[in-house]
1. Could you tell me which residue of segment 100-134 is surrounded by the most Cβ atoms within 10 Å (Cβ to Cβ), considering only residues that are of a type in the set (A, V, I, L, M) and farther than 15 Å from Lys82 by Cα?
2. Mind checking which pairs have a first residue in segment 51-76 that is closer than 15 Å to Ile114 by Cβ and open to solvent by less than 80 Å² (accessible area, probe 1.4 Å) and a second that is β-branched (Val, Ile, Thr) and modelled with pLDDT of 80 or more, Cβ under 7 Å, 6 or more apart or different chains?
3. Check Ile137 against each of (1) free of Cβ contacts under 8 Å to residues at least 40 places away in the same chain; (2) more than 25 Å from Asp49 (Cβ to Cβ); (3) open to solvent by less than 80 Å² (accessible area, probe 1.4 Å) and name the one condition it does not meet.
4. Could you list all residues from segment 36-52 that are at pLDDT 70 or above and of a type in the set (A, V, I, L, M)?
5. Among the residues of segment 127-146 satisfying the criterion of being part of a helix (DSSP H, G or I) and out of contact with any helix residue (DSSP H, G or I) (no Cβ under 7 Å at 6 or more places or on another chain), which is nearest to Leu44 (Cα to Cα)?
6. Restricting to segment 55-87, count the residues that are at pLDDT 85 or above and of a type outside the set (Val, Ile, Thr).
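The values are calculated or read from the model by the stated rules, or taken from the named source; none is laboratory data. Every value quoted in this text rests on a predicted model; they were computed, and no experiment measured them. Backbone-built Cβ (ideal geometry, glycine too); neighbour counts: all protein chains shown. In case anyone asks, the SASA skips ligands and DNA or RNA and just uses the protein heavy atoms, side chains included. Shrake-Rupley method; radii C 1.70, N 1.55, O 1.52, S 1.80 Å.
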Amino acid sequence: MYIWQSEVFKNSTKKDAAITLSKEKIIWPVVVIVTDIERCDTELAEYFDASLYDEIVHRYHDIIDSCCEWCEFFIKVLYDYKNFKPSGPQSKKCMEFALTKWEDYVDEIGTEHIDAETQKGLIQIILYSIVRNRLEIDKIKKGVNL
């Protein structure tokens, strides 16, 4: 709601014709809700030390809430996930993808001022959250024709 208020309602009061809003910017808050870390499985939370997990959750909200240009990133992650071949059972594919492929996304997520352990966990949780909620994200993409 905060993003919609600042992007749509405040911009609508300006007479500047150069101001544009994309579907991605308008839909992003819905995707943020769908991929909220609070909706993650307890299996993932149990993978991390409790204090590290708290730090990751804090960083997760800072990064995800502030990024409106991540639709392309989500699409890339989902494409990579689709092509990922797990070494174990199919039921563990989401977890295995997040835990093994996180290094592929280090440069794409602004985590340069975070210690290595928190960075690793943060990227793993972001990836897990995306692939775990891929069906909901796909419904949103199809619903708004992205």
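1. The first filter runs over segment 100-134 and keeps only residues of a type in the set (A, V, I, L, M), leaving 106, 109, 114, 116, 122-123, 125-127, 130-131.
Those still in the list that are farther than 15 Å from Lys82 by Cα too: 106, 109, 114, 116, 122-123, 125-126.
On the way: Val106: 12, Ile109: 19, Ile114: 18, Ala116: 8, Leu122: 24, Ile123: 23, Ile125: 25, Ile126: 27.
Top of the filtered list is Ile126.
2. Leu52/Thr118; Glu55/Thr118; Ile56/Thr118; Ile56/Ile125; Arg59/Ile114; Arg59/Thr118; Tyr60/Ile125; Tyr60/Ile126
3. That leaves (1) as the condition not met.
4. Leu44, Ala45, Ala50, Leu52
5. Narrowing segment 127-146 to residues part of a helix (DSSP H, G or I): 127-132, 134-144.
Keeping just the survivors that are out of contact with any helix residue (DSSP H, G or I) (no Cβ under 7 Å at 6 or more places or on another chain) gives 135, 138-139, 141-143.
On the way: Leu135: 19, Asp138: 22, Lys139: 24, Lys141: 26, Lys142: 28, Gly143: 29 Å.
Residue satisfying both the conditions and the ranking: Leu135.
6. 11
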